Every structure is written in structure tokens, then in C-alpha cells.
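Notes follow once the structure below has been shown.
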Amino acid sequence: MGPIERGAGPDPGPSGTSDLNALLIQGEDMIEQLGAAHAKAWGLGTADRWDLDQRTGLITWTFPDRTATAPAQILGSFNAEAESWLWAWANDSVLPEMSRDAWAVHEWGRANGHRALTEPKVHGDASTAGALVALAVRITRATGYYKGGDGGAIPIITFGPVTLTSHDGGTRTVTVEIG
């Protein structure tokens, strides 16, 4: 069975594999639109650094002239060397309150019979991980998405409204909504 195919169990009704493929396409489109909208609105992808504080639930991007902060959730992490995806709810290093979105995906997968969304670890390459992330972004209707790094276990983070704070103390909040 492929990583995003319907798992064994009771017939979930209309949410079969073809519906899952439609959600996948929608999720991929959402990721593309969200990335472009956040890049244009405040510079996502151009920060000097980023940090995630699980205690406060905030992700922070640091730029030369400002910071951007947003409430965040961890969906999971992808390890290219191990060719595996680990859901945040199954990762002991992720605080429970940081894995609410991942749990929502788990519950949706359980209710609709999609095992790859309920197994703690899914073996697969970057394409498999990308499909899981696209589904998760669509299922949770995330308003922001961030891939935190390029090596080792790469965290995948969703985020909400972004507050920009300039070095002179001025603030403004950016909310991105897509179709």
C-alpha cells in the first residue's frame, strides 16, 4: 500500500482515495499560494534566521530591520537520510500543545480510514513527505507553512497571523487568507 492510499478498516464513505487525491492537489496549491502570499506580504524565506519557542508557541523570523512572529504548530519532521516522516504527536521532543494540528490530521485520518495519517512514522522519500504535508495543510486549513531547515530532521511548521515589529517598535499584523 502506498503512503497516501486508504488504509484497511471500515468504509469511510465518500472520503475514498479519489477524494484524498483531490485534497492532495488542493493542499499542494495551498502551500504554493501561502508561500507566495507570505513572501510578498512580509518576506517569508528571506530572514537571516528563525527560531521556534515551544513554551510560548511562537515562531520568530529575524531580519536586519525587523522581526516577524506568529503562533505556530509543528506538523512533523522529515529526515531525508532515514527516508522517514515523523508526526509531531509521536515525537517526544514536541510539547503536546505544539502538536494540535498534527493531532487534527491524525483524527481526520482515523475517521476517514487513511492509515498514513495515523501511523507515527511513515517511511518514504521527500515526495512522500511533501504529500503528507500538503494533506495536513489542507486538512487543517493552515494560513501559513514553513519548512525549518535543510538537513537532519527538518521540522514542518504551520503558523497563524504574523506580527511584524520594526526596530523602532512599530508593529503591524499580516493575515494571509487564500481561496
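The values are calculated or read from the model by the stated rules, or taken from the named source; none is laboratory data. Quantities reported herein were computed from a predicted structural model and do not represent experimental measurements. No Cβ is skipped: glycine too gets one built from the backbone with ideal geometry, and neighbour counts run over all protein chains shown. The accessibility values were calculated without ligands, DNA or RNA, using every heavy atom of the protein model including side chains. Shrake-Rupley method; radii C 1.70, N 1.55, O 1.52, S 1.80 Å.
No other residue among Ala70, Ala88, Ala39 is within 25 Å of Gly169 (Cα to Cα) and open to solvent by less than 40 Å² (accessible area, probe 1.4 Å) apart from Ala70. The sole residue among Arg66, Arg55, Arg49 that is in contact with a Phe, Trp or Tyr (Cβ under 8 Å, 6 or more places away or on another chain) and either basic (Lys, Arg) or touching a residue at least 60 places away in the same chain (Cβ under 8 Å) (or both) is Arg49. Looking across segment 48-67 at every residue that is over 18 Å from the mean Cα position of the chain (by Cα) and under 18 Å from His167 (Cα atoms), the one that is least open to solvent (accessible area, probe 1.4 Å) is identified as Phe63.
Residue-level check: of (1) assigned to a loop (DSSP other than H, G, I, E, B); (2) more than 22 Å from Ala47 (Cα to Cα); (3) polar (S, T, N, Q), Thr143 misses just (2). Would it be correct to say that Thr175 is in contact with a strand residue (DSSP E or B) (Cβ under 7 Å, 6 or more places away or on another chain), of a type in the set (Ser, Thr, Tyr) and without any contact (Cβ under 8 Å) to a residue 60 or more places away in the chain? In short, no.
Those residues that are surrounded by 13 or more Cβ atoms within 10 Å (Cβ to Cβ), farther than 21 Å from Trp61 by Cβ and in contact with a strand residue (DSSP E or B) (Cβ under 6 Å, 6 or more places away or on another chain), I need them from segment 121-135; list them, please. Lys121, Val122, Ala129, Leu132, listed by residue number. Residue count for segment 146-177, restricted to those that are open to solvent by 50 Å² or more (accessible area, probe 1.4 Å) and assigned to a strand (DSSP E or B): 5.
Matching residues to (1) assigned to a helix (DSSP H, G or I); (2) under 19 Å from Asp53 (Cα atoms):
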site	(1), (2)
Glu81	no, no
Ala102	yes, yes
Glu107	yes, no
Ala111	yes, no
